[in-house]
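Trainee: This is the structure, below, for whatever I ask next.
The values are calculated or read from the model by the stated rules, or taken from the named source; none is laboratory data. Quick caveat, the model's predicted, so the values are computed rather than measured. Note: ideal-geometry Cβ built from the backbone for every residue, glycine included; neighbour counts use all protein chains shown.
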Amino acid sequence: MRDYWKRLFALGGAIVLWFSLVSATLAGHGHHARHYDCGPVADCAPPPLKWVAQTVMVPETYYEMQSVPITVCRPEVRQETITVMRRIPEVRPVRVVSTVMETRSALRTVSYPVVIPSWRTVTREVTVMVPHTEVRQGVRTVAKPAQETVMQTVCRDVGHYECRTYTDCCGCVHTCRIWVPQTITEQVPVTVCRVEYEQVPFEYPVTVCKPEVRTYQDRVCDVRVEMRTAQVPYTYCVPRPVERVVNETYYRCVPQQQVVQRTIMVPYTEMRQVPVCRTRMVPKVTYCLAFGSACADCP
């Protein structure tokens, strides 16, 4: 908080200084405008600058102690009489009617179907596919290697060596042997291999299926349904009311006075000294630049 007021005071001082400079500048220009008869502008020199003391009012923060009423609470233990309901158990006889299921047995006639099978022999013909093996004739292509002599043109070098003499750059004479090539073309016999194909007959087995009619005897079951009756015992239940006396427990509520202690918060007011922030305006002397008189004739 104090730093905030310091920055505010510095900003106020800067604003006051700026307004002082602007006012002095406008005042100087007005002086020259009014006193145009002081001579040429070149003869009237600009007024000199000088420091002028000004008193401004700036805010100042201070704290003072002040009595303030404050409400606080303090605990107090108080006794209080309350009414509570106490439950007292009591037993009393009660007549209760309940339903009892009695079991009884009886006979009843039931109709049910009976399946009676009868078997008979049936002759039937079935066509089946019987596999047979046959030998068939076929032709296949067989590859056989064969050799053949053919004439082929080749090139052969039949050159020879010659002794030749040459002189180098230093004037020395040298003799060396060099190969003189001589290429000739001639026909030479060459044996080559080739493949010959030949058709060769052969036999192979084949499995084929032929249809045959066969006779089978099957047993067929014919079903006949007959309805029959029978005496079946069964059990059923018959409800019967039964009255009985049972003891029932119930609770009777009886009011009763009881003293209890409770802690309550009682408010009260007291005066306390607290610091209070206040602001006051105090005078402060500041200095700023202002223009003086330019010539002796000008006031």
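Trainee: Of all residues being modelled with pLDDT of 90 or more and touching a Pro at 6+ places or on another chain (Cβ under 6 Å) in region 189-223, which is farthest from Pro117 (Cα to Cα)? Just the residue, please.
Mentor: The residue in question is Thr207.
Trainee: Which residues, counting only those in region 142-179, are of a type in the set (A, V, I, L, M), over 30 Å from Pro201 (Cα atoms) and in a strand (DSSP E or B)?
Mentor: Scanning region 142-179 gives Val150, Met151, Val154, Val173, Ile178.
Trainee: Being among the aliphatic types (A, V, I, L, M), out of contact with any Pro (no Cβ under 9 Å at 6 or more places or on another chain) and assigned to a strand (DSSP E or B), is that true of even one residue in region 99-107?
Mentor: Of region 99-107, the ones among the aliphatic types (A, V, I, L, M) are 100-101, 106-107.
Filter again for out of contact with any Pro (no Cβ under 9 Å at 6 or more places or on another chain), leaving none.
Within region 99-107, not a single residue is among the aliphatic types (A, V, I, L, M), out of contact with any Pro (no Cβ under 9 Å at 6 or more places or on another chain) and assigned to a strand (DSSP E or B).
One line per residue, one yes/no per condition, for (1) among the polar types (S, T, N, Q); (2) at pLDDT 90 or above; (3) under 30 Å from Arg240 (Cα atoms):
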site: Pro47; (1), (2), (3): no, no, no
site: Tyr63; (1), (2), (3): no, no, no
site: Ser67; (1), (2), (3): yes, no, no
site: Val72; (1), (2), (3): no, no, no
site: Ala106; (1), (2), (3): no, yes, yes
site: Pro113; (1), (2), (3): no, yes, no
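Trainee: A further question follows. Using beta carbons and a limit of 7 Å, which pairs, at least six apart or on different chains, have the first residue in region 182-199 and closer than 30 Å to Arg140 by Cβ and the second one among the basic types (Lys, Arg)?
Mentor: Cβ pairs passing all conditions: Glu196/Lys144; Glu198/Lys144.
Trainee: Let me ask another. Would you check which residues across region 283-299 are loosely packed, with under 11 Cβ neighbours inside 10 Å and either part of a strand (DSSP E or B) or modelled with pLDDT of 75 or more (or both) and list them?
Mentor: Pro283, Val285
Trainee: With the checklist (1) within 30 Å of Arg108 (Cα to Cα); (2) at pLDDT 90 or above; (3) of a type in the set (Val, Ile, Thr) in hand, flag the one item Val130 doesn't pass.
Mentor: If we test Val130 against (1) within 30 Å of Arg108 (Cα to Cα); (2) at pLDDT 90 or above; (3) of a type in the set (Val, Ile, Thr), just (1) comes out false.
Trainee: For region 50-85, enumerate the residues that are under 22 Å from Lys284 (Cβ atoms), among the aliphatic types (A, V, I, L, M) and surrounded by 10 or more Cβ atoms within 10 Å (Cβ to Cβ).
Mentor: Val52, Val56, Met57, Val58
Okay, residues lined up against (1) in contact with a Ser or Thr (Cβ under 9 Å, 6 or more places away or on another chain); (2) in contact (Cβ under 8 Å) with a residue 40 or more places away in the chain; (3) among the basic types (Lys, Arg):
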| position | (1), (2), (3) |
| --- | --- |
| Glu60 | yes, yes, no |
| Glu64 | no, yes, no |
| Val72 | yes, yes, no |
| Pro75 | yes, yes, no |
| Thr83 | no, yes, no |
| Gly138 | no, yes, no |
| Val150 | yes, yes, no |
| Tyr161 | no, no, no |
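Trainee: Test of understanding: among Arg87, Arg124, Arg108, Arg78, which residue is within 30 Å of Val238 (Cβ to Cβ), basic (Lys, Arg) and over 60 Å from the mean Cα position of the chain (by Cα)?
Mentor: Only one candidate qualifies: Arg108.
Trainee: I'd like the full set of residues that are surrounded by fewer than 10 Cβ atoms within 10 Å (Cβ to Cβ) and under 30 Å from Val208 (Cα atoms), limited to region 101-125.
Mentor: The answer is Thr123, Glu125.
Trainee: Do we find a residue being touching a residue at least 60 places away in the same chain (Cβ under 8 Å), of a type in the set (D, E, K, R) and within 30 Å of Arg78 (Cα to Cα) anywhere in region 247-259?
Mentor: no
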